[in-house]
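Let me begin by presenting the structure, written as structure tokens, before commenting on it.
The values are calculated or read from the model by the stated rules, or taken from the named source; none is laboratory data. Remember, it's a predicted structure, so these values are computed and weren't measured experimentally. Every residue, glycine among them, receives a Cβ derived from its backbone with ideal geometry; neighbour counts consider all protein chains shown. Areas reflect the complete protein model, heavy atoms only, side chains present, ligands, DNA and RNA absent. Shrake-Rupley method; radii C 1.70, N 1.55, O 1.52, S 1.80 Å.
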Amino acid sequence: MRHRHRRTRFALLASLTVLLTAALLPAAGPVPAAPPLVTAFAAAAPGDAERWSVDLSVVGGDDVNVRRTPAGLRLRDPRSGVARSTRPTAEGMLLGAPHNLARPATRVHAEVTAAVPPGATVETQVRGWRTSGGWTEWRATTAVFDQPVTRVQPRLVLTARDARAVATIRGVRLTADARAAVTAASPGRTYRVFATRIGLVGEVTANGRTIQPRDHFVALPSRRGLAPNNTGDYTVRVCTTSGSRCTYAPVWDVGPWNTRDDYWNPSAVRENWKDLPQGRPQAQAAYQNGYNGGRDQFGRVVLNPAGIDLADGTFWDALLLTTNVFVDVAYLWTGSGPHGVVGDGPLNIRVGASTTYASRGLAARYANVPIQCYVTGQTVAGPFRTTNRWNRLATGQYVSHGYISAVYGGTVPRC
């Protein structure tokens, strides 16, 4: 059952405050013509810290509803959300270029200079490339990572409730240093959650993708696991509860229901609803147990227990679903070990190392799939190489290495 009119997914709502208190105030009274310039300073960094500025002048295809002006970075269209007139705010996002660090770091914090009128917000998040391979989740600054990172990428999110009250970002300066690492999510977390079908073909996701017919991606109710468009930096494995079908798909949208519910994380890390058990989406608790008065973070009555949304291709073609249902979801960026990038797809997942074996599901293009080991089998001429190597993703799940564009996170052993 679709409930598009009930389940607005606020895909680009803000997350992870950046110390700009004025940005969080609701609009009240006349909008000031010239809001004061606000600078948010992070704590002082050690003398050996590395500092750099975010380039705000380049707005490209990875960015959503923002533009560069002589005054600074602003929303391009402050009148409504990106292709979602039902959103209560206008939203925009700039994805900054990754910065290679001179030495590994475990902490990054920001200094943001912005003019932020009441009713508008400016937020900064960062993620790091682990020394062992793979991106961390996006974190608020000051961000502390659970292991050293060698690259840092920033992301800026702007919102406005009123077209007359739009923030202007003048500059962002980041500082990286080393400190004791903290414990984040354990590797390879898997939970059973309720899945709904997205639909919404022709509309725009949180990362700026226009949804295609039979598209292959998912939405989770937190931007912490949102991948940039055309990447699988954050990928989930979704399986039917019987295990008969599985799919690997990138996280390209935010929803359903909430936008700040990283329920797969432990309470020490989880952004909201810290009193709920780890792995239990807030919407499920609201629907089944009346948690939060049966309402989501926006005060809407929760009409189903959804913890993940599936694009039509993921729903119909990969999992062969016909109705909304509970599924088993693995949040693969919380795992470790070698991962391969699916360079062309959707790619059939075979039960053995040959195209003569039955398909057990699909791996979407750009998905980052875990590789346990490899075997030799049928020679396949793929888009990246001709090879008889087949990668085992899990028991009874094999994909040809000819379709894997890259491998990171370690050396893949022979099975």
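Of the residues making up region 301-329, those that are closer than 17 Å to Val254 by Cα and in contact (Cβ under 8 Å) with a residue 60 or more places away in the chain number 12.
Of the residues making up region 156-170, just one is within 30 Å of Ala102 (Cα to Cα) and either open to solvent by 20 Å² or more (accessible area, probe 1.4 Å) or not in a strand (DSSP E or B) (or both), namely Arg170. For region 38-73, the tally of residues that are in a strand (DSSP E or B), at pLDDT below 50 and loosely packed, with under 15 Cβ neighbours inside 10 Å stands at 1.
If the condition is being hydrophobic (A, V, I, L, M, F, W, C) and surrounded by fewer than 23 Cβ atoms within 10 Å (Cβ to Cβ), then region 106-121 contributes only Ala115. For region 339-361, filtering for residues that are more than 11 Å from Arg245 (Cα to Cα), in a strand (DSSP E or B) and touching a Gly at 6+ places or on another chain (Cβ under 6 Å) leaves 1. Residues in region 285-301 that are in contact with a helix residue (DSSP H, G or I) (Cβ under 9 Å, 6 or more places away or on another chain) and either open to solvent by less than 10 Å² (accessible area, probe 1.4 Å) or not in a loop (DSSP other than H, G, I, E, B) (or both): Ala285, Ala286, Tyr287, Tyr291, Asn292, Gly293, Gly294, Arg295, Asp296, Val301. Of all the criteria given as (1) modelled with pLDDT of 95 or more; (2) outside any strand (DSSP E or B); (3) among the hydroxyl-bearing types (Ser, Thr, Tyr); (4) open to solvent by 30 Å² or more (accessible area, probe 1.4 Å), the one not satisfied by Ser336 is (1). Would you check which residues across region 373-389 are closer than 26 Å to Ala227 by Cβ and either open to solvent by 60 Å² or more (accessible area, probe 1.4 Å) or not in a loop (DSSP other than H, G, I, E, B) (or both) and list them? Matches in region 373-389: Cys373, Tyr374, Pro383, Phe384, Arg385. The residue list Val412, Val329 contains one member that is crowded, with 17+ Cβ neighbours inside 10 Å and assigned to a loop (DSSP other than H, G, I, E, B), which is Val412. Among the residues of region 238-284, those identified as open to solvent by 10 Å² or more (accessible area, probe 1.4 Å) and part of a strand (DSSP E or B) are Cys239, Thr240, Arg260.
Output the residues belonging to region 133-156 that are under 22 Å from His339 (Cα atoms) and small (Gly, Ala, Ser). Gly133, Gly134, listed by residue number.
Residues in region 390-409 that are crowded, with 20+ Cβ neighbours inside 10 Å and under 24 Å from Tyr331 (Cβ atoms): 7 in all. Taking the listed residues Asn265, Asn289, Asn229, Asn272, the one that is free of Cβ contacts under 8 Å to residues at least 40 places away in the same chain and under 30 Å from Asp62 (Cα atoms) is Asn272, with no other qualifying. When Thr205, Thr190 are screened for being surrounded by fewer than 24 Cβ atoms within 10 Å (Cβ to Cβ) and among the hydroxyl-bearing types (Ser, Thr, Tyr), only Thr190 passes.
Within region 314-323, at least one residue is open to solvent by less than 20 Å² (accessible area, probe 1.4 Å) and small (Gly, Ala, Ser). For Arg224, the test of being touching a residue at least 40 places away in the same chain (Cβ under 8 Å), surrounded by 22 or more Cβ atoms within 10 Å (Cβ to Cβ) and either closer than 16 Å to Ala306 by Cβ or not β-branched (Val, Ile, Thr) (or both) is passed. If you go through region 346-372 and pick out every residue that is farther than 11 Å from Ser405 by Cα, in contact (Cβ under 8 Å) with a residue 24 or more places away in the chain and open to solvent by less than 50 Å² (accessible area, probe 1.4 Å), you end up with 13.
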